[in-house]
1. Please tell me if B:L106 is under 25 Å from A:G65 (Cβ atoms) and in contact with a strand residue (DSSP E or B) (Cβ under 9 Å, 6 or more places away or on another chain).
2. When you scan the range A:282-304, do you find a residue that is among the aromatic types (F, W, Y) and open to solvent by 70 Å² or more (accessible area, probe 1.4 Å), even just one?
3. If you go through the range A:149-184 one residue at a time, how many are polar (S, T, N, Q), farther than 18 Å from A:G240 by Cβ and not in a loop (DSSP other than H, G, I, E, B)?
4. Consider the range B:221-252. How many of its residues are outside any loop (DSSP other than H, G, I, E, B), of a type in the set (A, V, I, L, M) and under 23 Å from B:R118 (Cα atoms)?
5. Which residues, counting only those in the range B:138-152, are touching a strand residue (DSSP E or B) at 6+ places or on another chain (Cβ under 6 Å), more than 9 Å from B:I172 (Cβ to Cβ) and not small (G, A, S)?
6. Is one or more of the residues making up the range B:20-40 under 24 Å from B:L248 (Cβ atoms), loosely packed, with under 15 Cβ neighbours inside 10 Å and more than 20 Å from the chain's Cα centre (by Cα)?
7. For the condition more than 19 Å from the chain's Cα centre (by Cα), modelled with pLDDT under 95 and either of a type outside the set (D, E, K, R) or under 26 Å from A:R51 (Cα atoms) (or both), what is the one hit in B:G276, B:G247?
8. Restricting to the range A:226-284, count the residues that are in a strand (DSSP E or B) and in contact with a Gly (Cβ under 8 Å, 6 or more places away or on another chain).
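The values are calculated or read from the model by the stated rules, or taken from the named source; none is laboratory data. Keep in mind that what you see is a predicted model, and the values were worked out from it rather than measured. No Cβ is skipped: glycine too gets one built from the backbone with ideal geometry, and neighbour counts run over all protein chains shown. Heads up: the accessible areas ignore ligands, DNA and RNA and are worked out on the full protein's heavy atoms, side chains in. Shrake-Rupley method; radii C 1.70, N 1.55, O 1.52, S 1.80 Å.
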Amino acid sequence: MDLGVRLGDLKLKNPLIAASGVFGYGREYSRVGDIRWFGAVSTKGTTLHPRAGNPPPRVTETPSGMLNSIGLENPGIEAVIRHEIPWLSGFGVPIILNAAGESYDEFARIAAMAEEVPEIDAIEVNVSCPNVNAGGIAFGIDARSVYRATRAVRQNFSRTVIVKLSPAAVSIKDVARAAEEGGAQAVSLINTLVGMAIDIYSKRPVLGNVTGGLSGPAVKPVALRCVWDASQAVSIPIIGMGGIVSWQDAVEFLLAGASALALGSGLLVNPRLPPEILKGLQEYCVREGIDRIDALTGLAWKTGR
Amino acid sequence: MSQDGPVGPQAEEPRPVLVDAEVLSNEAISLGLYETVFRAPELALEARPAQFIGVKVSAGRDPFLRRPFSIARVDRNRGTVGILWARVGYGTELMSRWRPGETVNLLGALGNGFRPGRFKHLILVAGGTGIAPMPFVCLESFKENPRASISLLYGVKDKDSMYPVDRLTQEIPGVAVQVSTEDGSYGKKGLVTGLLEDCLTRVSGQPSILVFACGPKRMLSAVKAITTSARIPLYVSLEERMACGLGLCRGCAVRRAGGFKSKNPVDSVEQPGPGGSYTGRSSIRAGDSYFHVCLDGPVFSAEDVDLEG
């Protein structure tokens, strides 16, 4: 049973990726799980300058999911390169740097700095964070700005470029194509959906930032539809994510058109999710007589009605 | 870190474990206040006072996130861990229906915990469900320092919703418990800060007094004002909305007092977080930065955190 998948030049030993934002830079996760469980890991969204993040409360439970408005709290690309990447690279798991620029120029500068660090195997261009005033989702809803941000990274980074897309895009197909035309070797989707919650006693929004990103099982149907759309619009592989908490969810995403799968808020609830999902995937493939996991990708639309 | 400070997990400290724990008992001990006891020997062995656990209320997708609860009781011989909690919303409504024999998934022990070290007089201040960590804190402090005096000052809405404090006084003869209720139905009428002021008047001038407080932020803020003017060290156990309890998501942020203080100079000291982990301390900009309750806390020296926000 071959669980290996390819994302551009990047070879993953299995399709599971720790999604950006639930993994920090790996140190906290390593206390409760094994980083080597993953085929690759995506770092916390990293910006050119350090960011303190948004005022609390930053998270709240919602029906079958959660809202977050962390606000890209991170120590900045310099500190990440100096303190985090050397440690994380010791695990031998491909590192995807999630890069969040506030401008095309910032994307270019982060990419140029990452280019000098061979331990960074890929950049995930974050054009979809809903919790920052500048950059983020503002880039991700429009095909032209997705193209420009992708180009800015592509021209400064010679290894794998992935673009993380937002479900809020005017057309998922258009932004996925724009990423491909900009030089991306994969797209990941979805980032969170913008939502909110109100405290009926204080009569105010729960989150300090008013709105936040919705994730968890609640968004899974939306995510599946986005993967379905994007995978038929482009010829580059898709990293599917959005509410994966079981191997059955994982299979659905593969069938919808994903080549790899990222675990996000599911990992917050159960940090030991990866081995459970891998076991279920393997058993499913054996039962179904499939010897390569990548044979599942897109079967739901390839096999017709 | 001062000798009397909260003792955070160090690099060699035990890692959190995920356990399927059997509910041994789950019952209302007063109006809306519940106590649950789990069989969880691994947790019981490692848990320290003022640490917490992440409780997966039900096995499915809803409720989705774990709920953080202070560890209220630990019996290492029997391998049990207890939590005290108030039925206030959807998750706790479901918890109130747990029956003995059920299995609940727990993650812990989480957070730094509190060890008072050498003190002559420990004053514990609890407001409402802030009583939750106090039985464990009380018992361990007594074990560690049997000749010192321990006072528990407990403010609660009314007699009906009160934690039965005689449970504590029966176990630890030395502990002096005082209660205040908002309506005067038990103990002194008023807020717990009134009890604290009285208590500090009595012990004023004595050396080695330490205050540990847990409760609503407004109460903690008022307690901080009192201990600051009395020049007595205060440790607070904070609550914040939390997703993972593990430092993965950076969700449970609490604002630092005045940004970086000289204790934590920017970019000059690589100050490893609990568990030898990165918490962004050394590199995030000064002036506007946060601790995370799950990793840096839940116990903080009150002077380090902004309780006004």
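1. Working: under 25 Å from A:G65 (Cβ atoms): yes; in contact with a strand residue (DSSP E or B) (Cβ under 9 Å, 6 or more places away or on another chain): yes.
The answer is yes for B:L106.
2. Yes, the conditions are met somewhere in the range A:282-304.
3. Final tally of qualifying residues: 1.
4. Going through the range B:221-252, the residues outside any loop (DSSP other than H, G, I, E, B) turn out to be B:221-230, B:234-237.
From what's left, of a type in the set (A, V, I, L, M): B:222-223, B:225-226, B:230, B:234, B:236.
Cutting the leftovers down to under 23 Å from B:R118 (Cα atoms) gives us B:223, B:226, B:230, B:234, B:236.
Going through the range B:221-252 one residue at a time, the tally reaches 5.
5. Residue satisfying the conditions is B:L152 alone.
6. Yes, the conditions are met somewhere in the range B:20-40.
7. Values: B:G247 fails: more than 19 Å from the chain's Cα centre (by Cα).
Unique residue meeting the criteria: B:G276.
8. 5
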